[in-house]
Amino acid sequence: MHYCIILLLNICLSPEPLPPDSLYKTKDLQDVIRHVFKAKSYKDTGQSHSNLSLLPSIGYNPSYGLDLGLILSGGKNYGDPSGTTFSIFNANVFVSSNGLASAEFKHNDFTNRNEWNLQGDYQVGRTISLDYGLGTGRPRQADESFVLNGLPVNLAPGEVPIQYTYFKFFEKVYHKIIKNFYGGMGFIFDGYGNIYRPGNSSVRHRSYNAMYSLKNGYPLNSYWANGILFNLQYNTRDHPNRPYKGIYADLVLRLNSTVLGSNHDAMLVKTELRKYWSLSEKNPEHVLAFWSWGEYLLNGSLPYLELPGTGGDDDARGGRPYTIGRFKGRSFYSNELEYRYPITENKLLSGIVFINAQTGSNQQKIKLLQRWNSGEGLGLRLLLNKYTRSNISADYGIGNYGTRGLFIALNETF
């Protein structure tokens, strides 16, 4: 839910040196640390490299205040490397001087020969988001101030802050049907409580969240959206953190039910497509990447904070340079195109350029695909661990209505 400015620190836990392997010419942050401390006897191998990276983070935002956190990233191969996708996990915690906090754990695991794929996400915390209403392309949208990691540095007219406590949990299990094609199911529980809009009661009742909740029969201070997931997946990516080639396609049917504790029943479909083209055999890091993501409400209703929108993907990374939730709708679609390229010969530094567009519907006249908002920008990457292909990303983007933003995070956006 929240990303901070990251201070670089890496765990370097190394057994006895071994002969160099195929990545010995590629340098990452662990290699830089060893060079600085003159570890002359070090021989670079996958066994001598740690697969764990620990990153302290610090940031400031008027809504959060000063915040401090820790990010842990790691991975492991649980089978024959020639036929088993690398498994990864990420965990982070943070606390802020304004009383906000969060804890999150995500995993994406593959058993031997990719017979099973388990994906999960567990989040709990108290955070703040901005309430802009539904739909995209509204003609009288207020100009936005500078955005830092999903929140504006200063609030502009029309930006309504909402504080709330959240609990989010999902676990999906996929089984291989045929090569690269998987089917499965899972459960998802999303809860929002202690929803608070600063200001007097009349202002609170005029907020978009309150008006939508009253219109659709949701309480003003808390609600749940819990359901069952049915999934189909096609996956040929060579790595989940930083693919050089392959396709990832995911189709999810979600059925929210009052039997599971939802305030209302709902049926929606989520679609996701990621395609990666490596443009060079000599330097496979030259990659053209495409990402398409959407959620479509077929029946029933969703609570306001559960509606799909900017940054509504599982990693809350889509829609640069806009704030999280900047645009949302009963149905929502976005796509991004990115070119990735190495800068230094040793691959320690690389860069990206990107463009994107997003569209959402509302409950009145705005239909999906009718109005669009776009963004474009560029970024830098610092290779954190060459064996897990994890990196530190820093992106700067510009968008409509004067939007500008800087986004610093762990790993690629998609």
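The values are calculated or read from the model by the stated rules, or taken from the named source; none is laboratory data. Predicted model, so just to flag it, every value in this text is computed and none were measured. No Cβ is skipped: glycine too gets one built from the backbone with ideal geometry, and neighbour counts run over all protein chains shown.
Descriptive notes on the structure:
- Leu384, sole failed condition from (1) closer than 20 Å to Pro240 by Cβ; (2) free of Cβ contacts under 8 Å to residues at least 24 places away in the same chain: (2)
- Verdict on Lys106 being among the charged types (D, E, K, R), closer than 28 Å to Gly311 by Cα and either surrounded by 14 or more Cβ atoms within 10 Å (Cβ to Cβ) or at pLDDT 90 or above (or both): yes
- Conditions (1) touching a Leu at 6+ places or on another chain (Cβ under 6 Å); (2) surrounded by 16 or more Cβ atoms within 10 Å (Cβ to Cβ); (3) closer than 24 Å to Gly183 by Cα; number of the one not met by Phe290: (2)
- Whichever residue in the stretch 218-233 is in a strand (DSSP E or B) and closer than 11 Å to Leu305 by Cα and, among such residues, is farthest from the chain's Cα centre (by Cα): Tyr223
- Under the condition of being closer than 14 Å to Gly150 by Cβ and either of a type outside the set (Val, Ile, Thr) or in a strand (DSSP E or B) (or both), the residues counted in the stretch 397-409 number 8.
- Cβ-Cβ under 7 Å pairs, at least 6 apart or on other chains, the stretch 391-406 side among the basic types (Lys, Arg), far side at pLDDT 90 or above and in a strand (DSSP E or B): Arg404/Ile398
- Among the residues making up the stretch 390-414, a single one is surrounded by 22 or more Cβ atoms within 10 Å (Cβ to Cβ) and of a type in the set (Val, Ile, Thr): Thr403.
- Unmet requirement for Arg340, which otherwise passes all of (1) among the basic types (Lys, Arg); (2) outside any strand (DSSP E or B); (3) at pLDDT 95 or above: (2)
- When the test is whether a residue is surrounded by fewer than 17 Cβ atoms within 10 Å (Cβ to Cβ) and either touching a helix residue (DSSP H, G or I) at 6+ places or on another chain (Cβ under 9 Å) or not β-branched (Val, Ile, Thr) (or both), Leu100 does not pass it.
- Residue list for the stretch 150-199, filter: of a type in the set (D, E, K, R) and either buried (at least 19 other Cβ atoms within 10 Å of the Cβ) or at pLDDT 85 or above (or both): Lys168, Glu171, Lys172, Lys176, Lys179, Asp190, Arg197
- Residue count, the stretch 117-137 (criterion: more than 30 Å from Tyr248 (Cα to Cα) and in contact with a Gly (Cβ under 8 Å, 6 or more places away or on another chain)): 4
- Residues in the stretch 48-89 that are at pLDDT below 80, touching a helix residue (DSSP H, G or I) at 6+ places or on another chain (Cβ under 8 Å) and not polar (S, T, N, Q): His49 alone.
- Matching residues in the stretch 358-389 - criterion: being assigned to a strand (DSSP E or B), modelled with pLDDT of 90 or more and either touching a Leu at 6+ places or on another chain (Cβ under 6 Å) or surrounded by fewer than 22 Cβ atoms within 10 Å (Cβ to Cβ) (or both): Thr359, Ser374, Glu376, Gly377, Leu378, Leu380, Leu382, Leu383
- Any pair with Cβ under 6 angstrom, 6 or more apart, that starts in the stretch 117-144 at a residue that is closer than 20 Å to Ser361 by Cα and modelled with pLDDT of 90 or more and ends at one that is part of a strand (DSSP E or B) and among the β-branched types (Val, Ile, Thr): none
- Test: residue in the stretch 263-278 that is β-branched (Val, Ile, Thr) and either free of Cβ contacts under 8 Å to residues at least 12 places away in the same chain or surrounded by fewer than 19 Cβ atoms within 10 Å (Cβ to Cβ) (or both): yes
- Candidate set from the stretch 241-262 (those that are in contact (Cβ under 8 Å) with a residue 24 or more places away in the chain and of a type in the set (S, T, N, Q)); member that is surrounded by the most Cβ atoms within 10 Å (Cβ to Cβ): Asn256
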